[in-house]
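Here's the structure, in structure tokens; my notes come after.
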Amino acid sequence: MQFSENFSLEELIASEVAARAGIDNTPPDEIVTNLRALAHGLELVRHALGDLPIHVSSGYRSPAVNVKVGGAKNSAHMSGLAADIVCPQFGSPLEVCRAIAEQHIATDQIIHEFGSWCHVAFAAPGLFARNERLTIASSAQGYQQGLNSVA
């Protein structure tokens with residue numbers, strides 16, 4: 001099911017972890033509405049990145065998948081409102097994070113995670129975006145304010 005010009009339901013729920021573990025990652029109907037909003041937000045992100053292709057490595061996660069990957073207990077992925085992305089044709093994950101932030105897209109969070117990807121989350125429909133900008137280099141260090149490079 002195509003949600004937007006460049007993003008489909010299938011792409012936003014694909015999970016290698018779920019496939020390997022035999023976990024059903026099909027979202028309930030109420031999450032599908034959020035996934036449509038996520039697709040719209042990702043179109044804005046794609047435009048901010050020069051309309052270059054974005055690879056979504058993690059979108060929706062069922063609670064079981066979220067536990068399996070060690071996700072946060074309140075992860076926006078479980079609500080269908082977050083995606084972990086890369087855009088190698090644009091630049092590094094940090095450059096992607098910063099470019100999205102510079103466009104002032106109404107994001108709930110942009111997180112430069114482990115130097116490897118950009119986590120972008122949107123507020124639920126009807127709620128205000130927090131516009132958090134964070135970096136996590138390691139689980140031991142935890143989250144730091146701002147979009148920073150990681151050693």
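The values are calculated or read from the model by the stated rules, or taken from the named source; none is laboratory data. Remember, it's a predicted structure, so these values are computed and weren't measured experimentally. With ideal geometry, Cβ positions are generated from the backbone for all residues, glycine too; neighbour counts draw on all protein chains shown.
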When you go through (1) at pLDDT 95 or above; (2) part of a loop (DSSP other than H, G, I, E, B) one by one for GLN141, which number turns out not to apply? (1)
Tell me the residue from GLU102, GLU30, GLU113, GLU95 that is farther than 21 Å from ILE136 by Cα and of a type in the set (Asp, Glu), please. GLU30
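From the list ILE105, ILE54, which one is farther than 23 Å from GLU16 by Cβ, in contact with a helix residue (DSSP H, G or I) (Cβ under 9 Å, 6 or more places away or on another chain) and not hydroxyl-bearing (Ser, Thr, Tyr)?
After ruling out the rest, the residue left standing is ILE105.
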Flag for VAL120 being among the aliphatic types (A, V, I, L, M), buried (at least 16 other Cβ atoms within 10 Å of the Cβ) and under 23 Å from ALA14 (Cβ atoms): yes
Pull up segment 128-138, narrow it to residues that are assigned to a loop (DSSP other than H, G, I, E, B) and touching a residue at least 12 places away in the same chain (Cβ under 8 Å), then point me to the one that is nearest to ALA37 (Cα to Cα). ALA129
From LEU12, LEU38, LEU42, grab the single residue that is farther than 22 Å from HIS104 by Cβ, touching a strand residue (DSSP E or B) at 6+ places or on another chain (Cβ under 7 Å), assigned to a helix (DSSP H, G or I) and touching a residue at least 60 places away in the same chain (Cβ under 8 Å). LEU12
Taking only segment 15-29 into account, find how many residues are touching a helix residue (DSSP H, G or I) at 6+ places or on another chain (Cβ under 8 Å) and in a loop (DSSP other than H, G, I, E, B). 6
So in segment 68-90, with the set limited to residues that are small (Gly, Ala, Ser) and surrounded by 16 or more Cβ atoms within 10 Å (Cβ to Cβ), which one is nearest to SER138 (Cα to Cα)? GLY71
